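The values are calculated or read from the model by the stated rules, or taken from the named source; none is laboratory data. Nothing here was measured: the structure is a model prediction, and the numbers come from that model. Neighbour counts run over all protein chains shown; Cβ positions are idealised from the backbone, glycine included.
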Amino acid sequence: MMYDLIIIGAGPAGLSAAVYAKRAGLKAVTLDSSPMCGGQILNTYEVDNYLGFKGISGMDLGIKFKVHADALGCQFITATATKVNKTDNGFSVETDKETIESKAVIFAMGADHSKLGVPGEDDLSGMGVSYCATCDGAFFRSKDVAVVGGGDVAVEDAIFLSRGCNKVYLIHRRDELRAAKILQNQLLSIPNVTMVYDSVIKSIEGNDQVENIKVLNVKDNTESEIKVDGVFIAVGLKPNSEIIKDLVDFDEKGFIISDEDCQTKTPGLFVAGDLRTKRLRQVVTAVSDGANAVTSVEDYFNRQKA
């Protein structure tokens, strides 16, 4: 079957694109490796900056997005896309189940959490090392933990963990945070949070469970040890762009280069959400990208007819 549009990824960007594609009358299908659509938002404890849904959990917001798409009759396939190819008629998308074809493709696969790359991180992953505070925070109730990072996610994680943990150390390599001021003010008012500025983790140690971390102060080059039961890493995102290496251009971090029109260097290929070069990666900008991408798809089809 030849589709007008294949959307790869069913996070906020992909679901928004699915809704706009349906409303545009396009024959579209959305692929996602998980039957539970929503992307990273599903692991977010609380979303407080998406207009009209103050204080909603990420899981609930993701479910609302999917319910909206289902109500319109959007088509979904649970499959993992493995490769995208240019064809004479458009594009083919190879998956772990089948190969499907379309005239255009929107990439909305998002990004995964970046790693520190320090000794002990991989060995103790799932045994105290975590990349999702809302997923694993309950296991560390009344215990001491460290959060690594200085952006919105790291600060939100520290705030969330402080509600149940005995003590939270926030470790950041610079002397000030990058998070939104409202989050910083909230964090700095919490008595069981200790800031560890100008510092990086050198190693994570423990026998079958995190027991302590070695920390290096990057200004005076001194090392210290902090006893913790868990380490939550929030140092950025790694774009999921492996399946399209030859068809688009990337920036130095691996994000697909595109402006607000979401068009890549290859006509007919578009990108939306966290996978795209952009300043702000939030639910609201992902949803906006989905709408912009479909509008650009329509323009692309109209130019072909002219």
Asp152 passes all but one of the listed conditions (1) surrounded by 17 or more Cβ atoms within 10 Å (Cβ to Cβ); (2) under 23 Å from the mean Cα position of the chain (by Cα); (3) in contact (Cβ under 8 Å) with a residue 40 or more places away in the chain; the exception is number (3)
State yes or no: is Asn89 closer than 24 Å to Ala13 by Cβ and either over 21 Å from the mean Cα position of the chain (by Cα) or not assigned by TED's automatic domain parsing to the domain that holds Asp60 (or both)? no
Show the residue pairs meeting these rules: Cβ distance below 8 Å; 6+ apart or different chains; first residue within segment 106-127 and over 30 Å from Leu5 (Cβ atoms); second residue small (Gly, Ala, Ser). Ser114/Gly236; Val118/Ser203; Pro119/Ser203; Gly120/Ser203; Gly120/Gly206; Leu124/Gly206; Met127/Gly206
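If you check Ala158, Ala146, which single one turns out to be more than 30 Å from Arg276 (Cβ to Cβ), in contact with a strand residue (DSSP E or B) (Cβ under 6 Å, 6 or more places away or on another chain) and either in the same structural domain as Phe250 (by TED's automatic domain parsing) or not acidic (Asp, Glu) (or both)? Talk me through it step by step, then tell me what you get.
Working: Ala158 fails: more than 30 Å from Arg276 (Cβ to Cβ).
Only one candidate passes the filter, namely Ala146.
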Has segment 92-110 got any residue that is in the same structural domain as Thr264 (by TED's automatic domain parsing), surrounded by fewer than 19 Cβ atoms within 10 Å (Cβ to Cβ) and within 18 Å of the chain's Cα centre (by Cα)? no
Could you check segment 168-210 and list, in sequence order, the residues that are touching a helix residue (DSSP H, G or I) at 6+ places or on another chain (Cβ under 6 Å) and within 19 Å of Val129 (Cα to Cα)? Val168, Leu170, Val193
Gly55: passes all of (1) closer than 28 Å to Val283 by Cβ; (2) without any contact (Cβ under 8 Å) to a residue 12 or more places away in the chain; (3) of a type outside the set (Phe, Trp, Tyr); (4) not assigned by TED's automatic domain parsing to the domain that holds Leu269 but (4)
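Could you pull out the residue among Ala18, Ala79, Ala13, Ala24 that is modelled with pLDDT of 95 or more, buried (at least 22 other Cβ atoms within 10 Å of the Cβ) and touching an Asp or Glu at 6+ places or on another chain (Cβ under 8 Å)?
Working: Ala18 fails: touching an Asp or Glu at 6+ places or on another chain (Cβ under 8 Å); Ala79 fails: buried (at least 22 other Cβ atoms within 10 Å of the Cβ); Ala24 fails: buried (at least 22 other Cβ atoms within 10 Å of the Cβ).
Criteria check complete, one pass: Ala13.
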Counted residues in segment 255-292 being closer than 21 Å to Glu156 by Cβ and β-branched (Val, Ile, Thr) come to 4
Selection count where residues are within 27 Å of the chain's Cα centre (by Cα) and charged (D, E, K, R), scope segment 183-221: 2
Those residues that are without any contact (Cβ under 8 Å) to a residue 60 or more places away in the chain and of a type in the set (Asp, Glu), I need them from segment 1-52; list them, please. Asp32, Asp48
Top-ranked residue in segment 45-57 [being surrounded by 14 or more Cβ atoms within 10 Å (Cβ to Cβ) and either hydrophobic (A, V, I, L, M, F, W, C) or under 25 Å from Val29 (Cβ atoms) (or both); ranked as modelled with the highest pLDDT]: Phe53
